[in-house]
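Below: one structure, written as structure tokens.
Any read-out appearing in this document is the output of simple, stated calculations on the displayed coordinates, not a laboratory observation. In this text, all values refer to a predicted model and were calculated from it rather than measured experimentally. We place every Cβ from the backbone using ideal geometry, glycine too, and count neighbours over all the protein chains shown.
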Amino acid sequence: MMSSLGGHDRIAPGHQWVRKTGHVQPELIVVTGVMAAGKSTVAEALARRFSKSVHLRGDIFRRSIVAGREEMSTAPSDEALRQLRLRYQLAATVADEYVRAGFTTVVQDTIIGPMLDEFVAMTATRPLSLVVLSPSVEVVAQREAARSKTGYTSFTPGDLDMVHQSTTPRIGLWIDSSDMTVDETVDLILRRQAEARIS
């Protein structure tokens, strides 16, 4: 069943999250945070807690642009911002379609600042569950140094965290995962699901 709300066809609310042992009403879960916050690992582990699920990495839509791509920076161009919004819109649309097809979908991307509200508005699935991973700057810097890929090229972890903390709307479930394992983080998300819900 679907209902119209705010110009979108809203997918009607389902049941609470259930692990693999029970029936799952498909839902949309968004995992965000700064780069090296642990989004990919947590999103993958969270998706695997469900019997029919998808882990959708929003960055795939950025990497799909092989010519003419403009990266985000501390002073992004209009084209970089347009491509970022396109990336978010594609992720939201694909996530909604997976949910319609019966998959609980965990979409993961760096969605911070005022654009988080924009991304939520781009999605049709309701309720949407939003998780914001917010480990300390020191932990993010350590994780970035340990990674094989480099995310921080035009700004530092401190720069991005300052933007994140000062401009991102306080919606959804915010988790300081600095001292938590992946499983502990996922357990906390499932246990505090009501705080993550956006209707």
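Quick look at the values:
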quantity	calculated
Candidates Thr123, Thr104, Thr93, filtered to the one that is touching a helix residue (DSSP H, G or I) at 6+ places or on another chain (Cβ under 7 Å) and closer than 20 Å to Leu56 by Cβ	Thr123
Restricting the stretch 85-108 to residues that are surrounded by fewer than 19 Cβ atoms within 10 Å (Cβ to Cβ) and polar (S, T, N, Q), the residue that is farthest from Val34 (Cα to Cα)	Thr93
Meets criteria (more than 14 Å from the chain's Cα centre (by Cα), within 16 Å of Ala43 (Cα to Cα) and exposed (fewer than 15 other Cβ atoms within 10 Å of the Cβ)) for Asp159	no
Breaking point among (1) more than 11 Å from Val137 (Cβ to Cβ); (2) out of contact with any helix residue (DSSP H, G or I) (no Cβ under 8 Å at 6 or more places or on another chain); (3) surrounded by 14 or more Cβ atoms within 10 Å (Cβ to Cβ), for Val186	(2)
Residue among Arg126, Arg192, Arg143 that alone is of a type outside the set (S, T, N, Q) and exposed (fewer than 15 other Cβ atoms within 10 Å of the Cβ)	Arg192
One residue from Arg82, Arg49, Arg62 being exposed (fewer than 13 other Cβ atoms within 10 Å of the Cβ) and over 14 Å from the mean Cα position of the chain (by Cα)	Arg82
Any hit, the stretch 167-186, residues being of a type in the set (S, T, N, Q) and farther than 24 Å from Ala47 by Cβ	yes
